[in-house]
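Worksheet: the structure to be examined is printed underneath.
The values are calculated or read from the model by the stated rules, or taken from the named source; none is laboratory data. Just so you know, these numbers come straight off a predicted model, no measurement behind them. Here the Cβ positions follow ideal geometry from the backbone for every residue, glycine too, while neighbour counts run over all protein chains shown.
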Amino acid sequence: MLSIPLLAAPAWASDDDDEFEEDLEDEDLLEEDEETDDRDTYEGFKKDLTGESPSEEIDAWYRYLEAYPASQFRMEIERRIEALEEAAFEELMKERADKDGEEGRVDAKRQEMDVAEPAFVGIGANPRRRFEFGVLWGYSDFLNYDLTFEWAFMRKLSVFGGVNHVGRGFGGTIQAGAKYALVKDVRTGIVLTGAFSIKLGYNGLDRLHFIIEPQVLFAWLPSDLFQLQTSLAFDLRVDRLNHWVLWDLMAVITPTDVFGIYVQSKQRHQIKPVDGVGTQYMAFYQAGVGVKIRPTPLIELTVGANVPYFWRLYKDYEYFGVHADVVFYFASKPKK
């Protein structure tokens with residue numbers, strides 16, 4: 001505890017008038033001495049303040065001036081207080097900046113990212129709690145649909161399942177899997193995710209099928225105006241020892257929080273001899289365009305059209321289609 005030395009007035013008393021007047025003069029001098037200091041007092045007090053923070057030293061100097069209002073070092077002390085106040089202010093600003101920076105880092109680790117869902121049939125790179133329903137009508141008798149439920153247990157980990165159908169006639173494929181975001185960073189706007197799922201179903205073209213699908217998904221959100229997504233999947237068909245490579249690319253431009261435009265490309269490749277077909281390569285390339293509408297942050301509507309731009313024997317898949325899709329995001333979010 002810092003102490004401020006004070007000069008104590010000695011006791012005095014006298015019945016003699018001359019001594020009384022002399023003592024009054026001595027008292028005035030002593031009172032004046034109590035309000036001033038000397039070099040030793042000042043330097044000693046200054047030394048005791050070594051190592052104190054700016055705010056603590058400011059308080060100490062104010063107490064010193066209260067004890068010695070007529071200090072002969074007042075101007076020097078006031079300059080010191082002024083410098084300390086500037087240092088205290090800078091220290092406070094630095095603490096606030098460090099706190100804001102730390103909160104920003106925490107937010108970047110925990111904040112959700114507004115990644116648009118792919119347009120019809122397919123999973124997005126961002127693990128979310130959502131429910132999706134979509135329908136697609138394609139020339140000439142293709143009726144397709146997608147019904148998916150996804151639940152994120154953690155910010156980077158989710159499981160998903162549902163039923164969808166792509167191809168000629170009626171049918172359906174049950175799909176279940178999980179995905180984990182290796183990178184999900186708000187600061188860079190990057191999401192890099194690995195997914196694994198199994199599919200069991202039937203359609204008019206592929207018949208009864210069982211498929212294992214590992215997948216890599218990537219999304220980049222450089223700004224609120226633009227985002228880019230791509231995915232690469234390997235469909236390994238177990239029942240017939242067949243395989244496909246699926247590549248999806250989508251760009252979304254969102255000039256407002258409510259309205260956006262997307263363009264998308266889907267490619268399906270097969271490099272394997274097919275019985276009765278004189279080729280080892282089959283492919284189907286498809287382009288899509290449409291709009292995305294966000295009436296609320298928890299609802300995403302998609303309306304668009306698909307048109308093939310290259311195919312080799314895969315023409316039976318969605319030759320031409322128009323589709324609508326709605327995604328409902330859950331308000332509750334994972335804590336981690």
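How many residues are within 20 Å of residue 309 (Cα to Cα) and either among the hydroxyl-bearing types (Ser, Thr, Tyr) or modelled with pLDDT under 90 (or both) if we restrict to the range 252-265?
2
In the range 125-168, which residues are buried (at least 21 other Cβ atoms within 10 Å of the Cβ), assigned to a loop (DSSP other than H, G, I, E, B) and modelled with pLDDT of 90 or more?
Once the filter is applied, which keeps residues that are buried (at least 21 other Cβ atoms within 10 Å of the Cβ), assigned to a loop (DSSP other than H, G, I, E, B) and modelled with pLDDT of 90 or more, the range 125-168 yields 125, 126, 127, 128.
Within the range 210-231, identify whether any single residue is among the acidic types (Asp, Glu), assigned to a loop (DSSP other than H, G, I, E, B) and on the phi < 0 side of the Ramachandran plot, and answer yes or no. Can you show your working first?
First, the residues of the range 210-231 that are among the acidic types (Asp, Glu): 213, 224.
From what's left, assigned to a loop (DSSP other than H, G, I, E, B): 224.
Going one step further and asking which of them are on the phi < 0 side of the Ramachandran plot, we end up with 224.
Scanning the range 210-231 turns up at least one residue that is among the acidic types (Asp, Glu), assigned to a loop (DSSP other than H, G, I, E, B) and on the phi < 0 side of the Ramachandran plot.
Identify, please: which residue in the range 172-218 is among the basic types (Lys, Arg) and under 20 Å from residue 127 (Cβ atoms) and is, among those, modelled with the highest pLDDT?
Looking only at the range 172-218, we keep the residues that are among the basic types (Lys, Arg), and these are 179, 184, 187, 199, 207.
Okay, now just the ones that are also under 20 Å from residue 127 (Cβ atoms), so 179, 184, 187, 199.
Values: 179: 96, 184: 92, 187: 87, 199: 93.
Among those that are among the basic types (Lys, Arg) and under 20 Å from residue 127 (Cβ atoms), it is 179.
What single numbered condition from (1) of a type in the set (S, T, N, Q); (2) surrounded by 12 or more Cβ atoms within 10 Å (Cβ to Cβ); (3) at pLDDT below 80 fails to hold for residue 14?
Of the numbered conditions (1) of a type in the set (S, T, N, Q); (2) surrounded by 12 or more Cβ atoms within 10 Å (Cβ to Cβ); (3) at pLDDT below 80, the odd one out for residue 14 is (2).
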